[in-house]
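Undergrad: Handing you this structure, nothing more for now.
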Amino acid sequence: MEYRNLHAWNVTPSEAIQIQKSLASQIREEPLSDNIRYVAGADISFEKFSDIVYAAFVVIDINSLDVVAHSSVVTEAKFPYIPGLFSFRESPPLLQAWKQLTVEPDVVMFDGQGIAHPRRFGIASHMGLIIDRPSIGCAKTILVGKHGAVEEEAGSRTALIDRGEVVGAVVRTKRKVNPVFISVGHRVTLDEATVLALKVTKGYRIPEPTRQAHLLVNKLRLKERA
């Protein structure tokens, strides 16, 4: 799969912040196509106390939720661990895996934030802009913003608000289980992102695309250890 080279990766943290600020204005919220069939999930796993990184994409069929393709790489992260700049550490390995993907996804979900980010440019937005695909942030933890109570039933949701702006949705994917934090990455609306995340959830807290990607990177990490 191809992607766009929008900037250099060998940058300082201050340069990375300027890149985020510059590119954030290019993020678009727009309706999805009616012909969504394949949804990819992306995830990253690091070896403890190491820069060795395991990156993967898993593509599922939206109707059956079966895995139809996957790709993965083991490499070394070059950018330091700095909150708010994780996409500069994680995107290069993910782009290596993206190049190997053989099935073109219509939408990509990332285990991280989209615009629910201090500079409105988390990994789902950063990668979505580079690969030029509709992208969704599906995070397990909150980065910015506040929200009200979410009812216990699956499918319940409430707005995530930061500095007076709705930046995401807090979504209960499974009854009485902690919610996930859905945000627009690129080329999708928040309502569509939320509906799609619930549609591809299969009895677990984490939607199936990113859950399967998480399983794959952990399997790969254990295999490399053996």
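Undergrad: Which residue pairs have Cβ atoms under 9 Å apart, sit 6 or more places apart or on different chains, and have a first residue in the range 26-49 that is at pLDDT below 95 and of a type in the set (D, E, K, R) and a second that is in a loop (DSSP other than H, G, I, E, B) and surrounded by fewer than 16 Cβ atoms within 10 Å (Cβ to Cβ)?
TA: none
Undergrad: Among what's in the range 140-162 and is in a loop (DSSP other than H, G, I, E, B) and polar (S, T, N, Q), pick the residue that is nearest to I82 (Cα to Cα).
TA: Residue satisfying both the conditions and the ranking: T141.
Undergrad: Answer with yes or no whether K219 is more than 13 Å from the chain's Cα centre (by Cα) and under 26 Å from L129 (Cβ atoms).
TA: Working: more than 13 Å from the chain's Cα centre (by Cα): yes; under 26 Å from L129 (Cβ atoms): no.
The answer is no for K219.
Undergrad: Another one. List pairs: first in the range 140-155 and among the β-branched types (V, I, T), second not in a loop (DSSP other than H, G, I, E, B), Cβ under 7 Å, 6+ apart or cross-chain?
TA: Final answer for the pair search is I142/F181; V144/D162; V144/V167; V150/R157; V150/T158; V150/V170.
Undergrad: Condition first: under 24 Å from L220 (Cα atoms) and surrounded by fewer than 18 Cβ atoms within 10 Å (Cβ to Cβ). Now tell me which residues in the range 104-132 satisfy that.
TA: Scanning the range 104-132 gives a single hit, E104.
Undergrad: Let me ask something else. Which residue out of R89, R119 is assigned to a loop (DSSP other than H, G, I, E, B) and either in contact with a His (Cβ under 9 Å, 6 or more places away or on another chain) or over 17 Å from E208 (Cβ atoms) (or both)? Quick ask: steps written out before the conclusion?
TA: Numbers: R89 fails: assigned to a loop (DSSP other than H, G, I, E, B).
That would be R119, the only listed residue that is assigned to a loop (DSSP other than H, G, I, E, B) and either in contact with a His (Cβ under 9 Å, 6 or more places away or on another chain) or over 17 Å from E208 (Cβ atoms) (or both).
Undergrad: Let me ask something else about it. Could you look through the range 208-226, keep only residues that are touching a strand residue (DSSP E or B) at 6+ places or on another chain (Cβ under 6 Å) and modelled with pLDDT of 95 or more, and pick out the one that is farthest from V39 (Cα to Cα)?
TA: Across the range 208-226, the extreme among qualifying residues is V217.
Undergrad: Could you list, in sequence order, all residues of the range 162-221 that are under 26 Å from Q20 (Cβ atoms), of a type in the set (V, I, T) and free of Cβ contacts under 8 Å to residues at least 40 places away in the same chain?
TA: V166, V170, V171, T194 - these are the residues of the range 162-221 that are under 26 Å from Q20 (Cβ atoms), of a type in the set (V, I, T) and free of Cβ contacts under 8 Å to residues at least 40 places away in the same chain.
Undergrad: Among (1) small (G, A, S); (2) more than 13 Å from the chain's Cα centre (by Cα); (3) closer than 19 Å to L220 by Cα, which single condition is S91 missing?
TA: Failed condition: (2).
Undergrad: Return the residues of the range 70-111 that are modelled with pLDDT of 95 or more and either at positive phi or hydroxyl-bearing (S, T, Y) (or both); say none if nothing qualifies.
TA: If the condition is that a residue be modelled with pLDDT of 95 or more and either at positive phi or hydroxyl-bearing (S, T, Y) (or both), then S71, S72, T75, G84, S87, S91, T102 are the ones that fit.
Undergrad: If I ask for residues that are closer than 23 Å to Q96 by Cβ, of a type in the set (G, A, S) and part of a loop (DSSP other than H, G, I, E, B), which ones from the range 1-35 would you list?
TA: A8
Undergrad: Within the range 36-67, which residues are assigned to a strand (DSSP E or B), under 18 Å from P134 (Cβ atoms) and of a type outside the set (D, E)?
TA: Y38, V39, A40, G41, A42, F57, V58, V59, I60
Undergrad: Next up: Do we have E90 as surrounded by fewer than 14 Cβ atoms within 10 Å (Cβ to Cβ) and free of Cβ contacts under 8 Å to residues at least 60 places away in the same chain here?
TA: no
Undergrad: Can you tell me which residue is farthest from V107 (Cα to Cα) among those in the range 68-91 that are of a type in the set (A, V, I, L, M) and in contact with a Leu (Cβ under 9 Å, 6 or more places away or on another chain)?
TA: Kept after step one, since they are of a type in the set (A, V, I, L, M), are these residues of the range 68-91: 68-69, 73-74, 77, 82, 85.
Checking which are in contact with a Leu (Cβ under 9 Å, 6 or more places away or on another chain) leaves us with 69, 73-74.
Details: A69: 14, V73: 21, V74: 24 Å.
Restricting to residues being of a type in the set (A, V, I, L, M) and in contact with a Leu (Cβ under 9 Å, 6 or more places away or on another chain), the top hit is V74.
Undergrad: Could I ask something else about it? Determine whether L65 is at pLDDT 95 or above, within 17 Å of the chain's Cα centre (by Cα), over 16 Å from K223 (Cα atoms) and crowded, with 16+ Cβ neighbours inside 10 Å. Before the answer, list the steps.
TA: On the way: at pLDDT 95 or above: yes; within 17 Å of the chain's Cα centre (by Cα): no; over 16 Å from K223 (Cα atoms): yes; crowded, with 16+ Cβ neighbours inside 10 Å: yes.
Judged against the criteria, L65 is not a match.
The values are calculated or read from the model by the stated rules, or taken from the named source; none is laboratory data. Predicted, not measured: the structure shown is a model, and the values here were computed from it. As a convention, Cβ positions derive from the backbone with ideal geometry for all residues, glycine included, and neighbour counts pool all protein chains shown.
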